[in-house]
Amino acid sequence: MPAVRARAVRVGVCCARRTGIATVTDPQLSPHFRLSEFTRSALAARFGLANTPGAWEIGNLRALCLGPLEWLRGEVGRLDVSSGCRALDVNRAAGGAAGSQHVKGQAADVIPAGTTRDEAFAALVAGMRAGRTVADQVITYDAKPHMHVSFRTAGVNRGQALRCLSDGRYIPWVPAP
Ligand SMILES: [Zn+2]
């Protein structure tokens, strides 16, 4: 634990690295999540695209972290972010929906490190339905390993739980019998 705490303090309070006069920061968004986890993108790197969110998107990411992601992390342990914030052209390259909440910093795809995705998903939906946490839309995928979690800072969080079938259709998620 001391090693983890030391790293969090160093990155959160100061900066990840300095390059000449420019300072590249990697702020801590919440106790267990840093901005870089949400901006790294293999796709952006492959196509040479910048994936730099603005202040509004970062504020949304922070709310997403402080809300359902930290809650879920407290329940099931570490969450690895497979896709977070996507700049418009990165989202296009990813084949994401035009109005994707990933573009707004309101959504992240995560893969639990210490439990199965399905167990984590069931825990999150149970938490939402018990009023212990709030999310806008959570989606689990038959053909992909991650789960999608979104949160809105303004307007209504719908508390919607969906399952995406292998053919791409979305249906309401129901717990396994
Ligand atoms: Zn997603």
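The values are calculated or read from the model by the stated rules, or taken from the named source; none is laboratory data. Since the structure is predicted, the reported quantities are computational estimates derived from the model, not experimental observations. So basically every Cβ, Gly included, is an ideal-geometry build from the backbone, and we count neighbours across all protein chains shown.
Looking across the range 46-61, the residues that are closer than 9 Å to residue 105 by Cα and buried (at least 17 other Cβ atoms within 10 Å of the Cβ) come down to 53, 57, 58, 60, 61. Of all residues in the range 104-146, those satisfying the criterion of being out of contact with any His (no Cβ under 9 Å at 6 or more places or on another chain) and within 11 Å of the ligand (Cβ to nearest atom) are 106, 144, 146. When you go through (1) assigned to a helix (DSSP H, G or I); (2) closer than 18 Å to residue 70 by Cβ one by one for residue 89, which number turns out not to apply? Among (1) assigned to a helix (DSSP H, G or I); (2) closer than 18 Å to residue 70 by Cβ, the lone unmet condition for residue 89 is (2). Whenever a residue of the range 147-163 is closer than 10 Å to residue 136 by Cα and aliphatic (A, V, I, L, M), its partners that are assigned to a loop (DSSP other than H, G, I, E, B) and within 16 Å of the ligand (Cβ to nearest atom), lying with C-beta atoms within less than 6 angstrom and at least six residues away or across chains, give the pairs 149/135; 161/173.
A quick yes/no check of all residues on (1) of a type in the set (Asp, Glu); (2) at pLDDT 95 or above; (3) in contact with a strand residue (DSSP E or B) (Cβ under 8 Å, 6 or more places away or on another chain); (4) surrounded by fewer than 20 Cβ atoms within 10 Å (Cβ to Cβ):
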position: 96; (1), (2), (3), (4): no, no, no, yes
position: 99; (1), (2), (3), (4): no, no, no, yes
position: 105; (1), (2), (3), (4): no, yes, no, no
position: 110; (1), (2), (3), (4): no, yes, yes, no
position: 118; (1), (2), (3), (4): yes, yes, yes, yes
position: 124; (1), (2), (3), (4): no, yes, yes, no
position: 134; (1), (2), (3), (4): no, yes, no, yes
position: 144; (1), (2), (3), (4): no, yes, yes, yes
position: 160; (1), (2), (3), (4): no, yes, yes, yes
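Would you please name the residue that is nearest to the ligand (Cβ to nearest atom), looking only at residues in the range 147-158 that are under 16 Å from the mean Cα position of the chain (by Cα) and not in a strand (DSSP E or B)? Don't jump to the end; show me each part of the working.
Here is the first cut: in the range 147-158, the residues under 16 Å from the mean Cα position of the chain (by Cα) are 147-153, 157.
Those still in the list that are not in a strand (DSSP E or B) too: 151-153, 157.
Details: 151: 12, 152: 14, 153: 18, 157: 16 Å.
By that ranking, first place goes to 151.
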